Amino acid sequence: MQNDDITIETGDWATLKEACSHIRRVVFINEQGVDESEELDALDPECTHFLMQDGHTPCGTARLLPDGHIGRVAILASHRGLGLGARLMRHVIGCARAQQFTQCELSAQTHALEFYAQLGFVARGEVYMDAGIPHRDMTLSLV
């Protein structure tokens, strides 16, 4: 894979639904066992969506809610370990800054806490279960 072939498209759910939902199904539903009704929710039409592609092959996704929460961050197994998750997150954070959010929040799976901490997110609160997976809230100040 050439790093130059990686692009990130920003758009609405109507435009990016097919590719983004496919990635989310593979990662969250198939790999992690999250119930489809929890994964694909009513918030999607309200969000800004991000689609990462390797050439013309979708490989990652995330969404930014209207209140500054980042969610549904997923990279296909074939593209993990290449720094693409951080690249995608920096893009999402840049879009949040452009929308003049003062902070971003997310609900991190506990195995990903260090990944988000390296991007500047700070964990807060206790660990809790979401969709059968341990999570912890994290916040990033944008000011």
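Across the range 79-101, the qualifying residues are those that are over 21 Å from D5 (Cα atoms) and out of contact with any strand residue (DSSP E or B) (no Cβ under 7 Å at 6 or more places or on another chain), and the one among them that is surrounded by the most Cβ atoms within 10 Å (Cβ to Cβ) is F101.
What about T61, is it surrounded by 14 or more Cβ atoms within 10 Å (Cβ to Cβ), under 26 Å from L140 (Cα atoms) and of a type in the set (V, I, T)? Against the criterion (surrounded by 14 or more Cβ atoms within 10 Å (Cβ to Cβ), under 26 Å from L140 (Cα atoms) and of a type in the set (V, I, T)), T61 qualifies. Return a yes/no flag: does the range 36-57 have any residue that is assigned to a helix (DSSP H, G or I), of a type in the set (V, I, T) and within 23 Å of F115 (Cβ to Cβ). Within the range 36-57, none of the residues are assigned to a helix (DSSP H, G or I), of a type in the set (V, I, T) and within 23 Å of F115 (Cβ to Cβ). Residue count for the range 13-42, restricted to those that are out of contact with any helix residue (DSSP H, G or I) (no Cβ under 7 Å at 6 or more places or on another chain), within 22 Å of R90 (Cα to Cα) and hydrophobic (A, V, I, L, M, F, W, C): 5.
The requirement of being touching a Lys or Arg at 6+ places or on another chain (Cβ under 9 Å) and basic (K, R) is fulfilled nowhere in the range 84-102; no residue meets it. Selection within the range 102-117: residues that are out of contact with any helix residue (DSSP H, G or I) (no Cβ under 9 Å at 6 or more places or on another chain) and among the hydrophobic types (A, V, I, L, M, F, W, C). The member of this set that is farthest from A74 (Cα to Cα) is A117.
Between residues in the range 91-116 that are modelled with pLDDT of 95 or more and residues that are of a type in the set (K, R), which pairs lie under 8 Å by C-beta distance while being six or more apart or on different chains? Every condition considered, the pairs that remain are S107/R136; A108/R136; T110/R136; L113/R136. Within the range 10-35, the set of residues being outside any helix (DSSP H, G or I) and crowded, with 18+ Cβ neighbours inside 10 Å comprises just one member, V34.
The values are calculated or read from the model by the stated rules, or taken from the named source; none is laboratory data. Remember, it's a predicted structure, so these values are computed and weren't measured experimentally. Every residue, glycine as well, gets a Cβ built from its backbone with ideal geometry; the counts of neighbours run over all protein chains shown.
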